[in-house]
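Single-structure report; data block below.
Values quoted throughout were computed directly from the atomic coordinates according to the rules given, and no laboratory measurement underlies them. All of these numbers come straight from a predicted model, not from anything done at the bench. We place every Cβ from the backbone using ideal geometry, glycine too, and count neighbours over all the protein chains shown.
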Amino acid sequence: MRFGKIIFIVLLLSCIGISVFAVDRFPRPEFDSGHVLPKITTPGARADVMGYVDIALLIVALALASYLSLKARSRRGLRLLGIFSLLYFGFFRKGCICSVGAVQNIMLALFDSHYAIPLGGLAFFVLPLVFALFFGRAFCAGVCPLGAIQDVVVLKPIRIPRPLGLLLGTIPYVYLGVAVLFAATGVGFIICRFDPFVAFFRFGGSFAMLVFGGLLLAAGIFVARPYCRFLCPYGVLLGWLSRFSKFSVTTTPDDCIQCRLCENACPFDAIDEPTPETAPEPRAKGIRRLAITLMVMPICILLGGWIGGRLNLPLSYYDLRVQTAARIQQEEEGTATGQTFETEHFRNTGELTNNLLRESADRQNKLQLGGWILGGFIGLVFCSRFLGLSVRRTSKDYGPNSATCLSCGRCFLSCPKEHERLKKLRGGGGAS
Amino acid sequence: MSEANTKKPSRRDFNRGLMRGAGLLAIVGVTAGMGRRMRKDNTVWQLDPDKCVQCGRCATECVLNPSAVKCVHAYDICGYCDLCAGYHQPSAKVTDTAAENQLCPTAAIKRTYIEDPYYEYAIEESLCVGCGKCVKGCGAFGNGSLFLQVRHDRCVNCNDCSIARACPANAFRRVSAEQPYILKGQSGEARA
Amino acid sequence: MTRDANQNSDMHRFLALSASGVAGVSGLFVLITLVLTVATHVWLQRIDPLNNALLVDMQARFANDSGNEQLKDDIRRLDLIVRKEFFEGQAQVNSGGMLLAVGVAVFIAALGLLIQLRRKAPLPGPRGEPDAVNARARLFTMTGGVILLLLGAAAVFLSNARKVRELESGGMVVDQRVPYELPSREEIFRNWPAFRGPHANGRAADRDPPLYWSGPENKGILWKVKVPRKGHSSPVIWGARIFLTGGDDEMREVYCFSAETGALLWTVPEKAALTALRAPEEAGEEAGWAAPSCATDGNVVVATFGTGNVVAMSMEGKPLWAKHIGIPDNHYGHSSSLIIYDKIVLVQFDDRKDPRLLALDVQTGELLWEEVRDTISWSSPIIIEHEGKAQVVLTDSESVAAYSVESGEELWREDCMSGEMGPSAAYANGIVFACNDNAVAVGIKLTTGEDGTVGAEILWVWEEDLPDTASPVATDKYVYLAHSSGYMTCLDVKDGKEAWIKEFPDGFYGSPVLVNDRIYALDLDGVMQIFSTGESFKSLGESPLGEACQTTPAFINDRIYIRGEMHLYCIVGTK
């Protein structure tokens, strides 16, 4: 009897073709046997208190990394801290949320009034930056799980030519710019999606990302921490701030004796050499180049902005909803036949087509404005790079560049003065 | 170690201090600006069963394998039918548990006889892959008591949920970690 | 412990040897595990029970050939194999990943140790030339920048990404338009096309509704039907059809009942016309999902809900168009009813965030004009025809204002209100009346300047206890205010002086209606208080419905239609 009813309903539905909703087609049973209905189980999400534990651990790890890199000058301590961070923030916490991606949550919260950022996201974004402002990139030294997983595979670092390194070093700026644009316009979080190591932390992920991560790690044996140096968008912010940090890591615990033993100690090419005695290029030539660069700069920025603004349409297609909207519009206009997976299922939702179209058009418009800013920003980055390379800086000693130094402590033991210090420490019995 | 740093402050040091102040100000500014936009509770991802169109992507797009999305059953709106459109193949002629009559590709639904003519259907979560085939059947021909949910004992709560990105119905959203489910049935009615 | 001493010791040699051994073994292990895991992964994709081609094919064949026992057995066997291999394969991939992680860790540790042991003392090379390096770096940077620029330009010109635009049809199916015939003024006034009747003014003429009935005794009730879903919207009637809305968290619907028999003729769900499912989390508790009444002009029925969707359908219940205006940010819930005038649907969308008055084309839903408003309200628009021009008059929590129906231009405005505005305006003989609890009641006289511009001036103000929900109704002589506390106040339209005040046993949410020379006021308990419009209060009847009521009744010919909490009634009365 029930069977006939179903067939009837099937026929009815196929006749009117109305999409269906939860409705009482069948009466709820009344059990004579006193059967008790089971309950839906709802295993809870991670308790909020664990979020505070994360923040506390982050603070402790940052403080420890600062202490180990500036005061204790212990490479071994930093390495152990890195392994702890890799295990906790990486494998245990499955890499989410991390400071590297948190910048996107900040941008989304700034521009989308419907999104409120959890306390953890804000703390993970802000705390490493504050530490960078005072103690250098302690976060990179032993707190970031992405850095830590690469740090353990730095086995046979080779030196890549500095001009190439500097050029590759501009990629993070572009990456940061695009990530901020996408996050601010609500298109998506690309830093998270293209995080090469998070798939390892979760023991699962898309095949392509696992391969990408594996290749980066394999390359990382020779090219030390390639993600940190040539991709990491958060590193840009950390670099900006650590440039002005109150305390910076030094290779030598004392005055530099110009022994040049630390010259190759840094696998990240972050040790600056003293300016040689050789005569600089003619002053007039330098000034002329500076003047030309300054004149060309606005043109570069405008050109970048002009192209960036026009990139809004291709960029908007990263958002599957925009792609769906564009396709639906083609279908409605009759310029495309048939339906794609997305348009077919979108039509099942019963959502107004124009809602989707309006939302997508709005997103494209936002991307246009954002694209202008992004393009201009990239133009500015390249010009400033060029400008920075045109100015001859004078430094007398060997020492880490406070912007690019990852505070890993590898150079400490290359300095003869450090050995002296350690000897004194051991002999003198704990002078501070 | 600080001997080198205790020399008289040069102009360079002064500039660095100034920039540091500016950096601090920027960080404080961002933090303060976030103050209004901040929430104390954490957020997790959940899918709204009312928006879900059972496209099947929950099973394939999750970073986990098998997916963190599973079918759950709101028993209180289930009709306990003998022929269940969520359990049986549309073409099934016999209402039994044989493989050729079952809809679920992983046999994750357990059918139990309660009393004439009622049968109870329960989801074996370790087998469920979240494909939503049963949800579609139950929604189209039954009471709609089967529906998909992100199970938070499995979900790793990615910052950028890859199913949310691919969902054609825009059914995923961030919800409070304190109320991490959007349920149907009595427990769901209580929320509204 | 210098490195030289270290390198020569036996310990050192032993360490180096074992490290290279461990590295070699673990490296081999990693390689084998990697290959196996990847192979299993690829194979898993292929046997996936969700899309196993063979199984799907066999199921399809079995559906047409259900007697085939052989096929049945094959399906059972294959099903088991596929599922078993799927889950075992998954377990293998997962444990393979774990093994890989351990293997890689051991490999790296051993290799690290080996390299550490073989490390030589650093030897400084020749000094670099910073100027030369900088010059090359400048060249690299410039080249990189140019390449990036070219890549960007190529992406711009090669991409076939489209600019998305809204469809002019509003996302509806265009050919669903119905034949349209503009109703005459006479037709409008014979029917009950909106909340509070023709022009939403609470006045009806040429009708002879009954005075006596009793719901509890089932006397004078022609029929009574249950309305499927709840709602505070009032009945709207055209010809022999009654239109109502109802809704809950699950579904919002428009109903059409037969005025003759009470039979439910059709139901159109809100989402039927491609309507957005996007909705607020919950409806305001006071208003519910379906507080706004619908409106009709004899061709199209338009309804709106607490979801911010406006949906239109034909008189036969065929969905025509739908429009999402925005999720109302409204703490009691959206409750403003619709009205149609001359092919224009007017939507008073006064929410907290983005208050607006919208004019939509009744046939297409196209937005004709939109006026930004200042503040929230729960009242509904009324139409007045003054000096041959139609105005739509709105009340809100700050003001009473009128707009041109044609263009949306603000014609006049009096900032005389405060509080949370529930009552709509009323109009009689050149005077607009408005009132609100904790504010004032006002009479506003419409004026016309020498150049023909329309204006208004406040005639009088009356400050006493006032209604917060029910709208006023006016004759040419008196205006009647029905309080939710049960008071009924009658004021003189010329000077606002009170003519009389009467206290009834129950309060009024539904608005009083003027029919010929009688006022019908339905109280919260469902009792209709009927009195004459004379100088002093004179009761003409007091008829109970037997069901609580928050709606405004509709009057057609000699019948009254009332929506109670649960039911819709048709009242013919007893002699």
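Near C:Lys318, which lysines are there with a Cα under 20 Å away, not counting those fewer than 8 places off in the same chain?
Straight-distance partners of C:Lys318: C:Lys271, C:Lys343.
Pop out the ³J(HN,Hα) list for region B:53-69 in order, Karplus 6.51 cos²θ - 1.76 cosθ + 1.60 with θ = phi - 60°, rounded to Hz; leave Gly and Pro as x.
Karplus-based 3J(HN,Hα) across region B:53-69 equals 10, 6, 6, x, 6, 4, 6, 10, 8, 5, 6, 8, 9, x, 4, 7, 8 Hz.
Identify, among C:Pro130, C:Ser380, C:Phe504, the residue whose Cα sits farthest towards the positive end of the charge dipole of chain C, taking +1 on the Cβ of Lys and Arg and -1 on the Cβ of Asp and Glu, with the dipole about the Cα centre.
C:Pro130
Could you please report the charge total around C:Gly128, scoring K, R as +1 and D, E as -1 over all other residues with beta-carbon less than 13 angstrom from its beta-carbon? Could the numbers behind the result be given before it?
Numbers: positive: A:Arg159, A:Arg162, A:Arg260, C:Arg127, C:Arg136; negative: A:Glu263, A:Asp269, A:Asp272, A:Glu273, C:Glu129, C:Asp131.
That works out to -1.
Amide H to amide H under 5 Å from C:Val527: which residues, 5+ apart in sequence or cross-chain, H placed 1.01 Å off N in plane?
C:Leu545
Could you give each residue of region C:370-383 its phi-based ³J(HN,Hα) in whole Hz, using Karplus coefficients 6.51, -1.76, 1.60 with θ = phi - 60°, and x for Gly or Pro?
So the J values, rounded to whole Hz, are 8, 10, 6, 10, 9, 8, 7, 7, 10, 8, 10, x, 10, 10.
Report the per residue volume, in Å³, of the convex hull enclosing the C-alpha atoms of chain C. Numbers along the way, then the final one.
Values: hull volume 193.1 nm³, N = 575.
Roughly 336 Å³ of hull volume per residue.
Determine Rg/Rh for region A:172-308; Rg is computed over alpha-carbon atoms and Rh is the Kirkwood hydrodynamic estimate from the same atoms. All intermediate terms of the calculation are to be shown ahead of the outcome.
On the way: Rg = 20.6 Å, Rh = 19.4 Å.
Ratio value, two decimals: 1.06.
Working from Cα positions, state the angle (0 to 90°, nearest 10) between the long axis of helix C:53-64 and the longest principal axis of chain C.
Helix C:53-64 sits roughly 40 degrees off the main axis of chain C.
Amide H of B:His88: which non-local residues (sequence gap of 5 or more, or other chain) have their own amide H closer than 5 Å, using H built in the peptide plane?
The answer is B:Leu103.
Can you give the local net charge around C:Leu522? Use residues other than it whose beta-carbon is closer than 14 angstrom to its beta-carbon, Lys and Arg +1, Asp and Glu -1. Walk me through the numbers before you get to the answer.
Working: positive: C:Arg196, C:Arg518, C:Arg563; negative: C:Asp506, C:Asp523, C:Asp525, C:Glu542, C:Glu547, C:Glu565.
Net charge around C:Leu522: -3.
Inverting the mean 1/r over all pairs of different Cα atoms, compute the Kirkwood radius of region B:122-192 and quote it in Å. Provide the component values of the computation, followed by the final result.
Details: mean 1/r = 0.0721 Å⁻¹.
Value: 13.9 Å, from the Cα pair sum.
Return the equivalent ellipsoid semi-axes of the protein assembly as shown as a descending list in whole Å, where each equals the square root of 5 times an eigenvalue of the C-alpha gyration tensor. Let's see the in-between values first.
Working: eigenvalues 963, 323, 131 Å².
Equivalent-ellipsoid dimensions as semi-axes: 69, 40, 26 Å.
Whole-Hz Karplus ³J(HN,Hα) for region C:284-299, in order, using 6.51 cos²θ - 1.76 cosθ + 1.60 and θ = phi - 60°, x for Gly and Pro?
x, 4, 5, 8, x, 7, 10, 7, x, 7, 7, 9, 9, 10, x, 10
In peptide A:311-319, what is the residue-averaged number of other protein chain Cβ atoms found within 10 Å of each Cβ? Spell out each step's value before the answer.
Values: counts 6, 3, 8, 7, 3, 4, 4, 1, 1.
Average per residue, whole number: 4.
Per 10 Å bin, what percent of the C-alpha pairs of region C:2-123 does each bin hold, from zero upward?
Percent of pairs per bin, in order: 12, 25, 18, 14, 12, 9, 6, 3, 1.
Evaluate peptide B:105-111: per residue, the Cβ atoms of other protein chains within 10 Å of its Cβ; return the mean as an integer.
Working: counts 11, 7, 4, 1, 0, 0, 0.
Shielding by partners across B:105-111 averages 3.
Report the rotationally averaged projected area of chain A based on its alpha-carbon convex hull, in square nanometres. The partial results should precede the final answer.
Numbers: hull surface 126.8 nm².
Quarter of the Cα hull surface area: 31.7 nm².
Give the lysines reachable from A:Lys246 as a straight Cα distance under 29 Å; neighbours fewer than 8 places away on the same chain don't count.
The qualifying lysines are A:Lys71, A:Lys396, A:Lys417, A:Lys423, A:Lys424, B:Lys7, B:Lys8.
For peptide C:54-62, compute the average count of partner chain beta-carbon atoms within 10 Å of each residue's beta-carbon. The partial results should precede the final answer.
Values: counts 0, 2, 1, 0, 1, 7, 1, 0, 6.
For peptide C:54-62, the averaged partner shielding equals 2.
To the nearest 500 deg cm²/dmol, what mean residue ellipticity at 222 nm is calculated for chain B from DSSP H runs of n ≥ 4 alone, each contributing -39,500 (n - 2.57), summed and divided by the residues? Walk me through the numbers on the way to the answer.
On the way: 5 runs with 50 residues, N = 192.
The per-residue figure over chain B is -7500 deg cm²/dmol.
For the protein assembly as shown, build the charge dipole from Cβ charges (+1 Lys, Arg; -1 Asp, Glu) around the Cα centre, then report which of A:Thr324, A:Gly286, A:Ala184 sits farthest towards its positive end.
Sorting the options by dipole projection puts first A:Gly286.
To test your reading of the geometry: what angle, between 0 and 90 degrees and rounded to tens, separates the Cα axis of helix B:11-36 from the longest principal axis of chain B?
30 degrees
Leaving out same-chain residues fewer than 8 places away, which lysines sit with a Cα under 22 Å from that of C:Lys502?
C:Lys477, C:Lys494, C:Lys538
Taking H placed 1.01 Å from N in the peptide plane, check which residues at least 5 places from A:Asp272 or on another chain put their amide H under 5 Å from its amide H.
Here the answer is A:Gly399, A:Asn401, since their amide H atoms fall under 5 Å of that of A:Asp272.
Quick one: angle between helix A:353-390 and the longest Cα principal axis of chain A, in degrees between 0 and 90, rounded to 10, please.
10 degrees
Between A:Leu389, A:Gly427, A:Leu406, whose Cα lies farthest towards the positive end of the dipole of region A:352-432 when Lys and Arg beta carbons carry +1 and Asp and Glu beta carbons carry -1, centred on the Cα centre?
It is A:Gly427.
Where the only charges are on Cβ atoms (+1 Lys, Arg; -1 Asp, Glu), what is the dipole of the protein assembly as shown about its Cα centre, to the nearest 20 debye? Walk me through the intermediate numbers first.
Working: 122 positive and 123 negative charges, 1861 e Å.
For the protein assembly as shown, the charge dipole is close to 8940 debye.
So what is the calculated 222 nm ellipticity per residue for chain C, using -39500 (n - 2.57) for each DSSP H run with n of 4 or more, over all residues, to the nearest 500 deg cm²/dmol?
Details: 6 runs with 141 residues, N = 575.
For chain C, the value works out to -8500 deg cm²/dmol.
Counting Lys and Arg as +1 and Asp and Glu as -1, each charge on the Cβ, what is the dipole of region C:167-571 about the Cα centre in debye, to the nearest 20?
On the way: 33 positive and 62 negative charges, 275 e Å.
The calculated dipole for region C:167-571 is roughly 1320 debye.
Dividing the alpha-carbon radius of gyration of region C:317-417 by 2.2 N^0.38 Å (N being the number of residues), what value is obtained? Don't skip to the end; give the middle numbers.
Values: Rg = 13.3 Å, N = 101, 2.2 N^0.38 = 12.7 Å.
The value comes to 1.05.
Dipole magnitude of chain B about its Cα centre, charges +1 at Lys/Arg Cβ and -1 at Asp/Glu Cβ only, in debye to the nearest 20?
Working: 25 positive and 19 negative charges, 383 e Å.
Rounded to the nearest 20 debye, it is 1840 debye.
When you have a sec, figure out the Kirkwood radius of region B:43-176 from all distinct Cα pair distances and drop it here in Å to one decimal?
Working: mean 1/r = 0.0661 Å⁻¹.
For region B:43-176, inverting the mean 1/r across all distinct Cα pairs yields 15.1 Å.
For region C:53-105, what are the per-bin percents of Cα-Cα distances with bins 10 Å wide, up to the bin holding the maximum?
Percent of Cα pairs in each bin: 22, 33, 19, 15, 9, 2.
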